[in-house]
Amino acid sequence: MVVLDFSIVNVALPSIERELHMPADAVQWIVTGYAISFGGLLILGGRAADLLGRRRMFVAGLIAFSLASLAGGLARDPMLLIAARVVQGAGAAIVAPAALSLITTGFPEGPERTRAIGLYGSVSSVGFVSGQVLGGVLVQFTSWRAVFLVNVPVGLIAAALSPSILGPVKTAAKAGATTAAAKVSRARTRLRRLDLRGALLITVAVTLVVFTVSQGVVLGWTSPLVIAAAVIAVVAAAVFAKAETRHPDPLIRLSLLHGKGLREGTTLTFLLGLWNGGEMLVLSLYLQQVLHESPLFTGLVIAPQGVVGFMMGMLGPRLAGRIGIRRLLVVTAGASAIGFLVLTHLPATGYSPVLFVVTLIGFGTAGTAMGSTVLASRGMADADQGLVGGMINTSRQIGAAVGAALLPAVAQGVSGGVSGDRAAMLTAAVAALAATAVAWRAAHLIPARAAS
């Protein structure tokens with residue numbers, strides 16, 4: 001549901017613009033508001049899950065997401081709709097790292113965890129691509145409001161079922177005092193451990209990075225607002241890094257960044273987000289504006305990417321067991337690169353079998369997502385898995401923001417027609433080749449026995 005919401009709203013934007021009489025430059029904030037709050041709050045959401053309880057935060061995030069979806073579906077004012085999308089993004093930033101850390105802490109490191117992460121990736125792949133199809137169906141046969149309201153029953157039912165499925169929340173010091181004063185004291189202790197100053201600084205930094213990247217194309221890279229956001233983001237990041245070295249229980253222990261797997265995993269996830277976030281947007285515009293296809297047909301053309309991604313998530317762990325995670329990442333990132341290179345020959349008219357190569361990209365994207373998550377979580381303590389989930393999701397979200405800004409800008413900058421779309425696919429291929437190089441270097445810097 002959380003991943004699906006990135007793409008399901010795109011198809012509804014023209015209908016929203018007409019019904020709510022929104023200016024063209026305001027409509028994009030329906031997408032940008034969600035992206036900024038989601039990307040900016042992920043690290044805080046991940047650490048909060050570690051300290052305040054993963055199950056508790058998972059349910060709280062689902063409820064917040066569902067209620068914000070209800071507000072968005074009923075909104076009759078553009079500002080209320082944008083505000084609802086911002087709250088949706090905040091709820092998603094709580095749910096996503098909590099969900100991933102529930103998996104990485106619920107299964108022991110090794111083949112069992114790899115299979116679980118593979119299934120997680122399968123569902124994510126289907127969610128991301130099916131948003132295009134479901135959005136087209138809902139808008140074409142009902143109303144744009146349905147793309148928001150569809151989340152409400154799903155989220156509330158999931159929140160209601162979570163306690164019985166995930167088990168009771170584990171609480172510390174059960175044998176100790178259970179008075180209200182004791183509970184308040186423990187809550188205050190957890191909040192102190194949360195490092196609110198660090199959380200504020202990193203949230204500001206990441207939020208402004210996402211804002212800078214997403215608005216640079218819209219407002220211009222020389223816009224005073226974009227430049228100011230970039231400068232403040234750099235300053236906030238520098239202050240955060242310095243403050244973390246002095247805090248007794250920092251939000252992010254900088255020593256975690258020395259972990260090779262975490263560095264490789266977040267780098268690969270950033271590149272994956274770049275090609276995936278930009279590719280979906282460019283292909284959607286290409287099919288509708290160049291080939292003049294309907295939103296529903298556009299979703300159906302892209303849908304095989306999600307189907308193959310689901311299959312890869314199911315079969316990928318078995319393949320990883322045979323050749324190793326790092327070698328699997330070389331294969332999957334390389335497959336995405338080949339797929340994008342083929343798409344540099346997009347046809348100018350009519351549907352072409354060339355478009356079927358999205359299945360190769362689906363294989364590569366899902367495999368890279370699974371492998372990079374396994375790589376990043378490997379060797380990390382359970383107490384840090386929420387933070388790892390937040391960092392993985394943050395790197396992918398920043399990459400998606402870069403891709404969503406960069407690839408359409410390349411397409412428009414070259415010609416705005418099919419030649420521009422081909423150039424955008426070449427840019428995505430470069431990102432996938434860079435990921436292949438990172439995975440290749442990782443696979444060949446360790447002994448073959450360790451790789452498998």
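The values are calculated or read from the model by the stated rules, or taken from the named source; none is laboratory data. Predicted, not measured: the structure shown is a model, and the values here were computed from it. Every residue, glycine among them, receives a Cβ derived from its backbone with ideal geometry; neighbour counts consider all protein chains shown. The protein model used for the area step is the full one, side chains on, heavy atoms only, and it has no ligands, DNA or RNA in it. Shrake-Rupley method; radii C 1.70, N 1.55, O 1.52, S 1.80 Å.
Listing for the model above:
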quantity	calculated
Spans of helices (runs of 4 or more DSSP H) in segment 1-109 with at least 2 residues among the aromatic types (Phe, Trp, Tyr)	29-52, 54-74
Subset of segment 243-267 (residues that are within 30 Å of Arg326 (Cα to Cα), open to solvent by 50 Å² or more (accessible area, probe 1.4 Å) and outside any helix (DSSP H, G or I))	Arg253
Among (1) open to solvent by less than 10 Å² (accessible area, probe 1.4 Å); (2) closer than 29 Å to Leu329 by Cβ; (3) modelled with pLDDT under 90 - the single one Ala98 does not satisfy	(3)
Scan of segment 1-21 for residues that are open to solvent by less than 10 Å² (accessible area, probe 1.4 Å) and either at pLDDT below 85 or of a type in the set (Asp, Glu) (or both), ordered by number	Asp5, Ser7, Ile8, Val9, Ala12
Of the criteria (1) crowded, with 19+ Cβ neighbours inside 10 Å; (2) touching a residue at least 40 places away in the same chain (Cβ under 8 Å), which one Leu300 fails	(1)
Any hit, segment 418-430, residues being in contact with a Phe, Trp or Tyr (Cβ under 9 Å, 6 or more places away or on another chain), among the β-branched types (Val, Ile, Thr), more than 23 Å from Gly306 (Cβ to Cβ) and touching a residue at least 40 places away in the same chain (Cβ under 8 Å)	yes
Any chance Phe240 is within 24 Å of Val388 (Cα to Cα), in a helix (DSSP H, G or I) and not aliphatic (A, V, I, L, M)	yes
Segment 154-170 - residue that is over 18 Å from Ser66 (Cβ atoms) and open to solvent by less than 70 Å² (accessible area, probe 1.4 Å) and, of those, modelled with the lowest pLDDT	Val169
